[in-house]
Amino acid sequence: MISSFRIPPENQNVRAIEIAGGGLQARVLSHGAALQDLRLEGHPSPLVLGFTDLRDYLNHSAHHGAIAGPVINRIAEGTAVIDGTIYRFDRNDHGRQTLHGGRAGFGTLNWQIADAAPDSVTLFLHMPDGHMGFPGPVEAHCRYSLGAGTDGGALLSIDLRATSAATTLLNMGHHSYFCLDDKADIRTHNLRIDADHYLPADKFDLATGDILPVAGTDFDFTKDRAISGSYDNNFCVAQARRAPRSVARLTSPYSGIAMEVITSEPGLQLYTGHKLGAPVDGLRGIVDGPYAGLCLEPQMWPNAPLHPDFPSILLRPGDTCHQISQFCFFNGQDTNTQ
């Protein structure tokens, strides 16, 4: 089902698309190509944070469920050199760096519906040359689909593709805040990340360029454990884009719900939502404060333009950037799977 809403002050025509399959139900917005709501059969609470009033996505959203881009995460000083030319991007984070593509990045724009089916929707975005300082034009597609996983879980698949008429930077990513129970604090969730190294960040949450081992540190999630602390760091699950494989698993000890993360991307950003605090009710009818949800964002390694040893995020004419990320949910009796 597709619904339309006019949202002031610009009277945007935002579309809401409802899809279902494999035991999941989802509501996707054209604004930001955002996953507004996600429900698992037999589990009463939403699996993601979001807002019921669409105006709150314009006024209070911290990229809730959105597709961030053209470059997710941060670019130091909002500057990059592409084929010898210096490009300066919108500095929307602390007035110093570019976050999620700038103040009018992909997650803030109204996408168009390219195709819709009962269990899937594909959205399309045209980014003109020079938007937020990025070369282009860029054509981006996002496909959400729901179905049964091969191992019995309920599968949310997100397929991201982009092409550009000029060499540009491209590193899109999905930015849902997940919460697998009805509690207000995800630090009690258990997490496993299949990464032996992580990227330390400075006081502005910028990847410094160092690649450090997780062993013996608070960043070691190689064995399932409670999250406990605050994180906004990228974990190195591979050295380059590859065929999709499992990289992480999140579990609530209260609900028994588990979520497996499967991706083609070499990086996984863990953000524990400690800066959340929109002054309006979320989907659960309460204000979602700090730690109400966490992000597990598959992506290329962040701040790559500053660090040539990181996997490149250059997208050249004739090439296609293609990312596959999947989130597979299991109910309590299936949590021992894998």
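The values are calculated or read from the model by the stated rules, or taken from the named source; none is laboratory data. Here the structure is a predicted model, which means the values were calculated and not measured. Cβ placement follows ideal geometry from the backbone for every residue including glycine, while neighbour counts extend to all protein chains displayed.
Of all residues in segment 117-131, which are surrounded by fewer than 19 Cβ atoms within 10 Å (Cβ to Cβ) and in contact with a strand residue (DSSP E or B) (Cβ under 9 Å, 6 or more places away or on another chain)? If you could, list the steps in order and put the result at the bottom.
From segment 117-131, those surrounded by fewer than 19 Cβ atoms within 10 Å (Cβ to Cβ) are 117-119, 124, 126, 128-130; that's our starting set.
Scanning segment 117-131 gives ALA117, PRO118, ASP119, PHE124, HIS126, PRO128, ASP129.
One residue is enough: does segment 50-72 have a residue meeting the conditions within 16 Å of ARG284 (Cα to Cα) and free of Cβ contacts under 8 Å to residues at least 24 places away in the same chain?
No - not one qualifying residue is present in segment 50-72.
So, in segment 257-285, exactly how many residues are in a strand (DSSP E or B) and modelled with pLDDT of 95 or more? Full working, then the answer.
From segment 257-285, those in a strand (DSSP E or B) are 258-263, 267-271, 281; that's our starting set.
Still in the list and also modelled with pLDDT of 95 or more: 258-263, 267-271.
Of the residues in that region, 11 qualify.
Can you tell me which of TYR254, TYR291 is assigned to a loop (DSSP other than H, G, I, E, B), touching a helix residue (DSSP H, G or I) at 6+ places or on another chain (Cβ under 6 Å) and aromatic (Phe, Trp, Tyr)?
Among TYR254, TYR291, only TYR291 is assigned to a loop (DSSP other than H, G, I, E, B), touching a helix residue (DSSP H, G or I) at 6+ places or on another chain (Cβ under 6 Å) and aromatic (Phe, Trp, Tyr).
What do you reckon, is ILE262 under 24 Å from PHE330 (Cβ atoms) and in contact with a helix residue (DSSP H, G or I) (Cβ under 6 Å, 6 or more places away or on another chain)? Talk me through it step by step, then tell me what you get.
On the way: under 24 Å from PHE330 (Cβ atoms): yes; in contact with a helix residue (DSSP H, G or I) (Cβ under 6 Å, 6 or more places away or on another chain): no.
No, not satisfied.
Looking only at segment 172-191, filter to residues that are touching a Cys at 6+ places or on another chain (Cβ under 8 Å) and in a strand (DSSP E or B); which one of those is surrounded by the most Cβ atoms within 10 Å (Cβ to Cβ)?
Looking at the filtered set, the residue picked out is HIS175.
Is it true that ALA248 is of a type in the set (A, V, I, L, M, F, W, C), farther than 16 Å from THR188 by Cβ, in contact (Cβ under 8 Å) with a residue 24 or more places away in the chain and assigned to a loop (DSSP other than H, G, I, E, B)?
Details: of a type in the set (A, V, I, L, M, F, W, C): yes; farther than 16 Å from THR188 by Cβ: yes; in contact (Cβ under 8 Å) with a residue 24 or more places away in the chain: yes; assigned to a loop (DSSP other than H, G, I, E, B): no.
In short, no.
Give me the residue from segment 192-237 that is of a type in the set (Val, Ile, Thr) and part of a loop (DSSP other than H, G, I, E, B) and, out of that set, surrounded by the fewest Cβ atoms within 10 Å (Cβ to Cβ).
Checking each candidate, the answer is THR217.
Suppose we filter segment 271-288 for residues that are in contact (Cβ under 8 Å) with a residue 12 or more places away in the chain, within 14 Å of VAL48 (Cα to Cα) and hydrophobic (A, V, I, L, M, F, W, C); how many remain?
3
Matching residues to (1) modelled with pLDDT of 95 or more; (2) more than 21 Å from GLU265 (Cβ to Cβ); (3) not small (Gly, Ala, Ser):
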site	(1), (2), (3)
PHE134	yes, no, yes
VAL138	yes, no, yes
ILE158	yes, no, yes
SER176	yes, no, no
ASN190	yes, yes, yes
ASP194	yes, no, yes
PRO213	yes, no, yes
ARG225	yes, yes, yes
ASN233	yes, no, yes
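Which count do you get for residues in segment 245-275 that are among the acidic types (Asp, Glu) and within 15 Å of GLY153 (Cβ to Cβ)?
Adding up the residues that qualify gives 1.
Could you list, in sequence order, all residues of segment 90-116 that are surrounded by 14 or more Cβ atoms within 10 Å (Cβ to Cβ), more than 21 Å from the chain's Cα centre (by Cα) and within 23 Å of ALA201 (Cα to Cα)?
ARG96 - this is the single residue of segment 90-116 that is surrounded by 14 or more Cβ atoms within 10 Å (Cβ to Cβ), more than 21 Å from the chain's Cα centre (by Cα) and within 23 Å of ALA201 (Cα to Cα).
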